[in-house]
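The values are calculated or read from the model by the stated rules, or taken from the named source; none is laboratory data. None of the values given here were measured: they were computed from a predicted structure. In this analysis, Cβ positions are derived from the backbone assuming ideal geometry, glycine residues included, and neighbour counts consider all displayed protein chains. Just the protein is used for accessible areas: all its heavy atoms, side chains included, with ligands, DNA and RNA removed. Shrake-Rupley method; radii C 1.70, N 1.55, O 1.52, S 1.80 Å.
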Amino acid sequence: MMIAIMAVYLVLLFALVRFGIVTFNLFWKCSPFIVLLLLNLLLFIPMGWGAPQGAALVVRNAVSIIPNVAGEVIDVPVEGNTALKTGDVLFRIDPVPYEAQVRAIEAQLKLTQLFERDSGRGFDVEQRQSEVDQLKAQLETAKWNLDKTTVRAPADGYATNVALRKGARVASSPVMAFIDTSQTLVGVEISQNDARYVAAGQPVEITFKFEPGIVRTGKVETVFQAISTGQAQVSGTAVAPTEIQSAPFVIRVKLDDGDLAKRLPAGSTGTAAIFTEAVKPTHIIRKVLLRQIAILNYVNPF
């Protein structure tokens, strides 16, 4: 943008000199450097904190699917990367051993309850009642285990990396990755010296590589109050000095188009601009620059 403005100024200066409107003296010879200095001091440097710009990334919560019970897989109806609703079946574990356990405890509970009715002494009654309570608790656990032989989607989303097949034996270890699409996280990295005026509720414009030529709108949802470089780690050793670097802050953005947020693949990258309450005249320049980036996304893969 600065190059374009300087090019326009040089063309205008050439025309003024060519038609004799101004005399090409020392002042006009130095004027391009003066204009360049003023553009930096009054426009482009203040634009950094008035309308900061940074890289954007779409993130989704990933859930490792770990079965609560062990057994042989008898059915895997889910297909990878296919939209699922909360509660849709991911896979089923052979329920026969768990059904048998439920029936055995139910039979034992009935027998114990019969003995309880025939108990005469107070001690015997209390003992039988204690046994009944224990069996009821075991029955609840057995029914819970039986229910967990059917593994369901924990949220709206899709399963990915579905390598699980019928006949495999599973236990308490991850067997599938589930991507939660019920909430889309869009993070924007802003340099620390440019983040001073950023606040929740401010308008945002963002262009994704996934959608070249298009500029989307949103709002600042929150400014994360901590990054990993400022986190104190619990250990039994003294502080180990490290090289201090000015890592960017992360701003969480909510897109205005909720349907787009659900469609964006996790890992989508782009460029975002946040329009603060400071140095508002620079907002126009930032909007133009962002649209240039959106157009260049057609050919620039980086």
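Could you give every pair whose Cβ atoms fall below 9 Å, whose first residue belongs to region 5-29 and is over 25 Å from Ile285 (Cβ atoms), and whose second residue is part of a helix (DSSP H, G or I) and open to solvent by 70 Å² or more (accessible area, probe 1.4 Å), counting only separations of at least 6 or pairs across chains?
Filtered contacts from region 5-29: Phe27/Ile34.
Restricting to helices (runs of 4 or more DSSP H) lying wholly in region 1-105: which have 2 or more residues that are open to solvent by less than 60 Å² (accessible area, probe 1.4 Å) and of a type outside the set (A, V, I, L, M)? Please lay out each step first, then the result.
Numbers: elements: 2-18, 26-39, 45-50.
Hits in region 1-105: 26-39, 45-50.
Exactly one of (1) outside any loop (DSSP other than H, G, I, E, B); (2) surrounded by fewer than 16 Cβ atoms within 10 Å (Cβ to Cβ); (3) in contact with a Ser or Thr (Cβ under 7 Å, 6 or more places away or on another chain) is unmet by Thr229. Its number?
Exception for Thr229: condition (3).
Going by the structure shown, is Val151 touching a residue at least 40 places away in the same chain (Cβ under 8 Å), surrounded by 13 or more Cβ atoms within 10 Å (Cβ to Cβ) and β-branched (Val, Ile, Thr)?
Numbers: touching a residue at least 40 places away in the same chain (Cβ under 8 Å): yes; surrounded by 13 or more Cβ atoms within 10 Å (Cβ to Cβ): yes; β-branched (Val, Ile, Thr): yes.
Yes; evaluated as a whole, the condition is true for this residue.
Scan region 259-302 for residues that are assigned to a helix (DSSP H, G or I), of a type in the set (S, T, N, Q) and touching a Gly at 6+ places or on another chain (Cβ under 8 Å) and jot them down.
Matches in region 259-302: Thr282 only.
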